[in-house]
Structures are given as structure tokens and as C-alpha cells.
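Below: one structure, written as C-alpha cells.
The values are calculated or read from the model by the stated rules, or taken from the named source; none is laboratory data. Since this is a predicted model, take the numbers as computed values, not measurements. Neighbour counts are summed over all protein chains in view; Cβ atoms, including those assigned to glycine, are modelled from backbone coordinates with ideal geometry. We work out accessible area using only protein heavy atoms, side chains counted, and drop any ligands, DNA or RNA first. Shrake-Rupley method; radii C 1.70, N 1.55, O 1.52, S 1.80 Å.
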Amino acid sequence: MRKLIETTFITLDGVVSAPEKFAAPYFDDEYAAYARELLFTADALLLGRKTYEIFAPVWPNMEEIEGEYAVRMNTLPKYVASRTLTDADLTWNATVINGDIAKEITRLKEQQGLNILKFSTGDLDRTLLEHKLVDEYHFWMFPAIAGTGTRLLDGLATTHLTLTKSTQLASGVVVLTYVPK
């Protein structure tokens, strides 16, 4: 069975929105190596609609800048959870998951293959948590305070996790790896 791994950026005050405002100064070779290792453990991506709409126009143009990382991002199949998009709306090697999202993600996890990597945190996470579908979280804690913005999983019921790994990067970013209890 495949694992579903969530990877998301977060500030010290819990903000996950607008990472372009706080994350970019910390993108260095060490960051890139960790991100590459994580991406290459997966053979599919799971994205919410909003993340897909941000990524799809950008990543196809990143191969010259990001090299093999962008090639991998662009060639992996993407599953986009959306109540409004259709397959006709999608490009970038993507397929819509609509209807019973939990059932479809469970089916994907039961297939043979590598991990499924989910970028970003948003509305889809409510369904994933409710159905206990995420197997591992990688929270990239950036040494920045946003002050305002969407907070990590705001409004959800208390959920307990177990810390399995902590990776401190020289830039001050700490990647906290958790699994559900």
C-alpha cells in the first residue's frame, strides 16, 4: 500500500497562506536536496484545486531553472480534488477527483507504487484528516512570522500526531515529520 505524504510550509505563527512572502529567502541547496529527496519518493501528486491552479501555469516553465526536480514535477500524474473543475479544465498531466474524495484517495493508496505526495494545506485536508488518509506530514517550519493569513488547519478538532523526525537546515528552517497517533 502506498503512503500519502503531506508537505507544507508554515511560519512560526502557524500561517500557511502566501508562502511566496516568507519562504523564498530560505531556498538554498540544502532545502533543494531535502525537497528533491521527498519528491523522488513519490510517483503521483495529490493537489487541491487552489494549489493546482497556482502550480499548473508555473511548473511547466521551470525546467530550465529547476532541472530534474521540475522535470519530475511535470511528468508525475497529478490528482486534483475539486468540486468545480472537470478533466476538460485540466492540463499538466492531471485528472480530477470529484464525488467521494475519500473513497478515491483510498483506492489510489491501495494501488502498487511509490508514495503519493500532497503539496500545501487547505480545504482538502479536512476530508483527509476525517478519514485518516494522511500517513505522514512534513511541516516545513520557516523562521518567519507572517502576522496574518490562513492558519494551519484552523478550526479542526484536536488531532494528535507523533514526531518521527526533525531535520534542521542551516538556513533555520526545521522540517518536522509527524505520523498520526
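Things worth noting here:
- Residue 34 vs. criteria under 25 Å from residue 141 (Cα atoms) and either of a type outside the set (S, T, N, Q) or touching a Lys or Arg at 6+ places or on another chain (Cβ under 6 Å) (or both): yes
- Enumeration of residues in region 55-71 that are out of contact with any helix residue (DSSP H, G or I) (no Cβ under 7 Å at 6 or more places or on another chain), surrounded by 14 or more Cβ atoms within 10 Å (Cβ to Cβ) and either closer than 19 Å to residue 17 by Cβ or not acidic (Asp, Glu) (or both): 55, 56
- Under the condition of being more than 22 Å from residue 3 (Cα to Cα) and open to solvent by 40 Å² or more (accessible area, probe 1.4 Å), the residues counted in region 72-111 number 7.
- Listed by first and then second residue, the pairs with beta-carbon distance under 6 Å, at least 6 apart or on different chains, first residue in region 141-168 and at positive phi, second in a loop (DSSP other than H, G, I, E, B), are 149/17; 149/18.
- Applying the condition of being open to solvent by 60 Å² or more (accessible area, probe 1.4 Å) and of a type in the set (Asp, Glu) to region 112-142 and asking which residue is farthest from residue 159 (Cα to Cα) yields 123.
This table checks each residue for (1) farther than 22 Å from residue 19 by Cβ; (2) at pLDDT 95 or above; (3) aromatic (Phe, Trp, Tyr).
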site	(1), (2), (3)
88	yes, no, no
105	yes, yes, no
117	no, yes, no
125	no, no, no
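- Pick from region 1-20, criterion of a type in the set (A, V, I, L, M, F, W, C) and open to solvent by 40 Å² or more (accessible area, probe 1.4 Å), ranking: nearest to residue 123 (Cα to Cα): 9
- Options 23, 33, 44; residue that is open to solvent by 10 Å² or more (accessible area, probe 1.4 Å) and small (Gly, Ala, Ser): 33
- Within region 147-167, tally of residues that are exposed (fewer than 12 other Cβ atoms within 10 Å of the Cβ) and either of a type in the set (Gly, Ala, Ser) or not in a loop (DSSP other than H, G, I, E, B) (or both): 8
- The residues on offer are 175, 179, and the sole one that is in contact with an Asp or Glu (Cβ under 6 Å, 6 or more places away or on another chain), over 30 Å from residue 84 (Cβ atoms) and assigned to a strand (DSSP E or B) is 179.
- The lone exception for residue 51 - which of (1) open to solvent by 60 Å² or more (accessible area, probe 1.4 Å); (2) among the polar types (S, T, N, Q); (3) within 15 Å of the chain's Cα centre (by Cα) it fails: (1)
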